[in-house]
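Input: a single structure, listed below in structure tokens.
The values are calculated or read from the model by the stated rules, or taken from the named source; none is laboratory data. Note that the structure is a prediction, hence the values are computed from the model and not measured. FYI the Cβ positions are ideal-geometry reconstructions off the backbone, even for glycines, and counts take in every protein chain you see. Heads up: the accessible areas ignore ligands, DNA and RNA and are worked out on the full protein's heavy atoms, side chains in. Shrake-Rupley method; radii C 1.70, N 1.55, O 1.52, S 1.80 Å.
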Amino acid sequence: MSDFPNYKDRIKEDLEKLKEQELEKQSKRQQEMERDRRLVRQEEEYQLLQKKQRELEREKAKLRAEIRRRQELKAEQERIQQEILNREERRKQQIQWDREKLRQQESQNKTSSPSYSPRYSPPSTATVEGKLKELDKLIGLNHLKDEVRQYINFLKVQKLREKQGLQPVPITLHSVFCGSPGTGKTTVARLMGQIYQQLGILKKGHLIETDRSGMVAGYVGQTAQRVDELVHSALDGVLFIDEAYTLKPVDPGNDFGQEAIDMLLKRMEDYRDRLVVIVAGYGDEMTRFVNSNPGLKSRFSRYFYFEDYTPQELLAIFEIFCDQHRYSLTEAAKEVLLTRFKELYDHRDKSFGNGRLVRNMFEKTIEKQANRLVTIANVTPYTMQQILPEDIALLVNS
């Protein structure tokens, strides 16, 4: 019995130790749990920080993109404004040049030694078939194309007969081009000169383009000198005289046009193997002009007729201008434009401009489009290329 108290004490000590051990374990568990919670909070804070950093980067990227967009928009608006200013400046320069040209012409009529610089088109190295393909690519003029091809085939056979030692049929190469302005008369004359050169009919085949102002002077003797200079510049090529009927007015009076005609006929005879003359103008006026002089009538027996372009052909020409300058018509704009061309075609007179009319309408249309674009905040390259119905409608209303 003497050992029993010691046994109790040991039990008590053991219980105390167990309690201490349990407390230590609980403390460790709490420390571990606290550490885990701390790690979880740190991980959450890290993830939140990463998320905020990514959002900040996205905001920075959006801000940089917006800055670039505004810079591009500003640059585009400045470019459009500069184009408008440049176009206006060119228009003013053109007006000044026209006025200066008019003053020079008036001065030439008063001076004793007038001078004139005709428009020169150089010859080409393409083949006959290549030139005929160029002719076929022209809009419309189907009947004319058939006539020209038939005429060229006839010339080919004559050259072939000559090579085979057969007598060729005497032909005159001088021609009359009848049609309204803007129907491609100058373009076809240029192609024919190049074809003549390829066939060996002309050595150069270049085109010299002139009109009454380049042939008729204000004093006796000067007109003959002008015509002589023009003919010499056109030797071995084609002399193209636009609106040739103005050389023979209905009421000539003291006009020097007859002097120009007389000298032209003389030089055509002097250089009948080295010169081709093409006269052009309205059909009725050209018939009157050729019939007014036996010399003209005997030399100009071949007529080519250039018909006015139909509304659909005018639209096709407009689309060519668009392609050349990187514009595009919407389907609605095409309908509005075709309606406008039909109205103009139905009410046309002999001054109907054809291709020139289309060019003028195209230039006015893109001016209207530019005025619309400068009011838009966000102008893209696609927007700048598109022509909308309102661009045409504004033109129609004007």
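Considering the conditions (1) open to solvent by less than 50 Å² (accessible area, probe 1.4 Å); (2) without any contact (Cβ under 8 Å) to a residue 60 or more places away in the chain; (3) in the same structural domain as LEU230 (by the TED database); (4) farther than 17 Å from ARG212 by Cα, LEU264 is excluded by exactly one of them, (4). Summed over the stretch 145-170, the residues that are surrounded by 13 or more Cβ atoms within 10 Å (Cβ to Cβ) and in contact with a helix residue (DSSP H, G or I) (Cβ under 7 Å, 6 or more places away or on another chain) give a count of 5. Among the residues of the stretch 203-221, write down those that are open to solvent by 10 Å² or more (accessible area, probe 1.4 Å), in a loop (DSSP other than H, G, I, E, B) and closer than 21 Å to ALA280 by Cα. Across the stretch 203-221, the qualifying residues are ASP211, VAL216.
What's the number of the condition LEU357 fails, among (1) within 26 Å of HIS143 (Cβ to Cβ); (2) in a loop (DSSP other than H, G, I, E, B)? It fails just one condition, (2). In this entry, SER328 passes the filter for residues that are closer than 23 Å to LEU138 by Cα and touching a helix residue (DSSP H, G or I) at 6+ places or on another chain (Cβ under 7 Å). All conditions but one from (1) open to solvent by 30 Å² or more (accessible area, probe 1.4 Å); (2) not assigned by the TED database to the domain that holds GLY205 apply to PHE321; the one that does not is (1). Taking LEU296 as the residue in question, decide whether it is open to solvent by less than 50 Å² (accessible area, probe 1.4 Å), assigned by the TED database to the domain that holds VAL216 and in contact with a strand residue (DSSP E or B) (Cβ under 9 Å, 6 or more places away or on another chain). The answer is yes for LEU296. Within the stretch 159-186, the set of residues being closer than 20 Å to ILE201 by Cα, touching a strand residue (DSSP E or B) at 6+ places or on another chain (Cβ under 9 Å) and in a loop (DSSP other than H, G, I, E, B) comprises ILE171, THR172, LEU173, HIS174. When the stretch 347-396 is filtered for residues that are under 13 Å from LYS334 (Cα atoms) and open to solvent by 60 Å² or more (accessible area, probe 1.4 Å), only GLU390 remains.
Inside the stretch 187-196, residues that are open to solvent by 10 Å² or more (accessible area, probe 1.4 Å) and touching a strand residue (DSSP E or B) at 6+ places or on another chain (Cβ under 8 Å) make up a count of 1.
Going residue by residue through the stretch 326-333, is there one that turns out to be of a type in the set (Phe, Trp, Tyr), within 14 Å of the chain's Cα centre (by Cα), at pLDDT 90 or above and open to solvent by 30 Å² or more (accessible area, probe 1.4 Å)? Yes - at least one qualifying residue is present in the stretch 326-333.
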